[in-house]
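See structure below.
The values are calculated or read from the model by the stated rules, or taken from the named source; none is laboratory data. Remember, predicted model here, so these are calculated numbers, not experimental data. A quick note on method: Cβ atoms are made from the backbone with ideal geometry, for glycine too, and the neighbour counts reach across all protein chains shown.
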Amino acid sequence: MENLLQNLQRTIRALESLSERPLTETEQVEALLDQLFQQKIDLVNRQFNAGSPLFQQAAHAVSLAATQTEKAVRTPAALSDALTQVEDAAGKLGNLLNGSLP
């Protein structure tokens, strides 16, 4: 769970950095930030089986999203791929949050 939260925080930090730049995707970045902040709060307040397929999928997707968003901070041409990866990660986090018992 700790790695998932660390990677989620890495993703959020990179998106915050991107949101400070003049981008055509500013609204999308802001919406994803809002969604990830809420999902982080929801994750902290719940317990999950780290071995479950839903958890593993979410953890992997968030790890990729963190890497891609950090790359986009350094290389603006990577922004589109990063946002696609973040959307995928947010969807998998949603599946994890909706598929687990509180």
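Is one or more of the residues making up region 65-75 assigned to a helix (DSSP H, G or I), within 13 Å of residue 92 (Cα to Cα) and modelled with pLDDT of 95 or more?
Yes, that holds for at least one residue.
Matching residues to (1) loosely packed, with under 14 Cβ neighbours inside 10 Å; (2) hydroxyl-bearing (Ser, Thr, Tyr):
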position	(1), (2)
4	no, no
7	no, no
10	no, no
19	no, yes
28	no, no
34	yes, no
39	no, no
42	no, no
47	yes, no
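So which of 11, 24, 69 is of a type outside the set (A, V, I, L, M, F, W, C) and free of Cβ contacts under 8 Å to residues at least 40 places away in the same chain?
After ruling out the rest, the residue left standing is 24.
Residues are listed down the side, and each one gets a yes or a no for (1) at pLDDT 95 or above; (2) closer than 13 Å to residue 83 by Cα; (3) in a helix (DSSP H, G or I); (4) not aromatic (Phe, Trp, Tyr):
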residue	(1), (2), (3), (4)
9	yes, no, yes, yes
36	yes, yes, yes, yes
48	no, no, no, no
59	yes, no, yes, yes
